[in-house]
Amino acid sequence: MSGLRHSPLDAEHRALGAKMVDFGGWEMPLAYSAGTIAEHMACRTDAVAFDVSHLGTVRVAGDDAHGRLQSTLTNDLGKIAVGRAQYTHLLDDDGSVLDDIIVWWVSDGSFDVMPNASNTARVRNAIGGDDVTETRAIIAVQGPHARERLATVSADAAAVARFGVAHVAWRGVEMTVAGTGYTGEDGVECAVPVEAAPDLWRALLAAGVVPAGLGARDTLRLEAALPLHGHELGPGITPLQAGLGWVVAWGKPTFRGRHALAAEKERGVSRRLRGMRVEGRRPPRAEQAILVGGQVAGVVTSGNFSPVLQCGIALGFVPPTVEIGDTVEIDVRGEQVPAEVVKTPFVSK
């Protein structure tokens, strides 16, 4: 896999026998020896550590930083303040989602904007700033006992509140820690300088935190019904279609894509993201057709086996007339399998 980028923790993953895969141009761990299901359940019951260094970090600073982000991204920074994080979207001119982003408001006039792996350049083109991805690793510590175990490594990091952001000193370096994640569980994400990342990773594992790969991160986010760019979000998909209208601050005078999105809001969406549950162990998969009344009416965007529910679950776009409690069918390899439209998240704390 020549030409791929590598995490500062690459050697740690290989020493643990991780299966490495291409993810957004980075060679990252899919799973370790215990396997994806064991790692998934460790996150639901205890604590795991994910290397998410493939996420971008664009640092936007200066007197105009707040104004640039406020006039470009959909959410309203006026709802938060220094020391807080916010989920938001960068839209294209047609109202579709170029990327979904977490903004860390680190200090006065300084923001760390966290794009998805393959979208860092396009986000930077839209908001300016400096790409500082290569200067840090990001370790996500997630699970119901994440803070408890993390506290034995860094009490200050463990104390960062949900959607809080703080600078934390650890063994002579400064980390930026945010109370964010992508699993549906409590936890934090630690942006640690490259030179200290292996030591932090080893300290977490020594504290009983289980290493987990991107395979488990995907099944966890699906159980939590969190969108994945390129599946539930992307070209032709708007926040309104994805059920994420709460990310759009209509009270702001401007943000990129506002005109097109306002037009869709006025006329109503033509499709809506829904969650579906399928009995049995054969899961739906992305791009499989969804049938309503025997006719193809939608498509699965993400599907997998739920380790917690012990059945297949899926997200997909269907007509807006399809309601929770309805039964649709999913074309699973030529077989039309009944699926119940259910409330999401599929699994909640």
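The values are calculated or read from the model by the stated rules, or taken from the named source; none is laboratory data. All values reported here derive from a predicted model rather than from experimental measurement. Reconstructed Cβ throughout: ideal geometry from the backbone, glycine too, with neighbour counts over all protein chains shown. Just so you know, the surface numbers come from the protein's heavy atoms only, side chains and all, with ligands and any DNA or RNA stripped out. Shrake-Rupley method; radii C 1.70, N 1.55, O 1.52, S 1.80 Å.
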*Which of the residues that make up region 328-349 are touching a Ser or Thr at 6+ places or on another chain (Cβ under 9 Å) and among the charged types (D, E, K, R)?*
340
*Could you say which residue among 238, 219 is buried (at least 19 other Cβ atoms within 10 Å of the Cβ), within 13 Å of the chain's Cα centre (by Cα) and among the β-branched types (Val, Ile, Thr)?*
219
*Determine which single condition residue 191 fails, assuming it passes every other condition in (1) out of contact with any Cys (no Cβ under 6 Å at 6 or more places or on another chain); (2) in contact (Cβ under 8 Å) with a residue 24 or more places away in the chain; (3) outside any strand (DSSP E or B).*
(3)
_Testing residue 335 on (1) under 30 Å from residue 45 (Cβ atoms); (2) open to solvent by 80 Å² or more (accessible area, probe 1.4 Å), one condition comes back false. Which one is that?_
(1)
*In region 309-332, what residues are open to solvent by less than 10 Å² (accessible area, probe 1.4 Å) and either within 18 Å of residue 224 (Cα to Cα) or touching a Cys at 6+ places or on another chain (Cβ under 6 Å) (or both)?*
311, 312, 313, 314, 315, 316, 317
_Matching residues, region 298-308, being open to solvent by 40 Å² or more (accessible area, probe 1.4 Å) and either closer than 25 Å to residue 271 by Cβ or part of a strand (DSSP E or B) (or both)_ = 299
*List every residue pair whose Cβ atoms lie under 6 Å apart, where the two residues are 6 or more positions apart in sequence or sit on different chains, the first residue falls within region 134-151 and is free of Cβ contacts under 8 Å to residues at least 24 places away in the same chain, and the second residue, located anywhere, is assigned to a helix (DSSP H, G or I) and open to solvent by less than 20 Å² (accessible area, probe 1.4 Å).*
151/158
*Has region 244-259 got at least one residue that is at pLDDT 95 or above, closer than 17 Å to residue 338 by Cα and among the hydrophobic types (A, V, I, L, M, F, W, C)?*
no
_Looking only at region 36-86, filter to residues that are of a type in the set (Asp, Glu) and within 19 Å of the chain's Cα centre (by Cα); which one of those is farthest from residue 202 (Cα to Cα)?_
39
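Residues are listed down the side, and each one gets a yes or a no for (1) at pLDDT below 95; (2) of a type outside the set (Val, Ile, Thr); (3) out of contact with any Lys or Arg (no Cβ under 6 Å at 6 or more places or on another chain):
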position	(1), (2), (3)
149	no, yes, yes
155	no, yes, yes
182	no, yes, no
188	no, no, yes
191	no, yes, no
195	no, yes, yes
*Quick one: count up the residues across region 17-35 that are touching a residue at least 40 places away in the same chain (Cβ under 8 Å) and under 26 Å from residue 119 (Cα atoms).*
11
*Quick one: in region 259-297, which of the residues that are under 15 Å from residue 224 (Cα atoms) and of a type in the set (A, V, I, L, M) is most open to solvent (accessible area, probe 1.4 Å)?*
273
*Find all pairs meeting these conditions: Cβ atoms under 7 angstrom apart; at least six residues apart or on different chains; first residue within region 155-173 and closer than 21 Å to residue 185 by Cβ; second residue β-branched (Val, Ile, Thr) and in a loop (DSSP other than H, G, I, E, B).*
163/180; 166/160
*For region 261-287, which residues satisfy the criterion of being closer than 21 Å to residue 309 by Cα and outside any strand (DSSP E or B)?*
279, 280, 281, 282, 283, 284, 285, 286
*What strands (runs of 3 or more DSSP E) completely inside region 1-65 contain at least 1 residues that are surrounded by fewer than 22 Cβ atoms within 10 Å (Cβ to Cβ), at pLDDT 95 or above and touching a Ser or Thr at 6+ places or on another chain (Cβ under 6 Å)?*
58-61
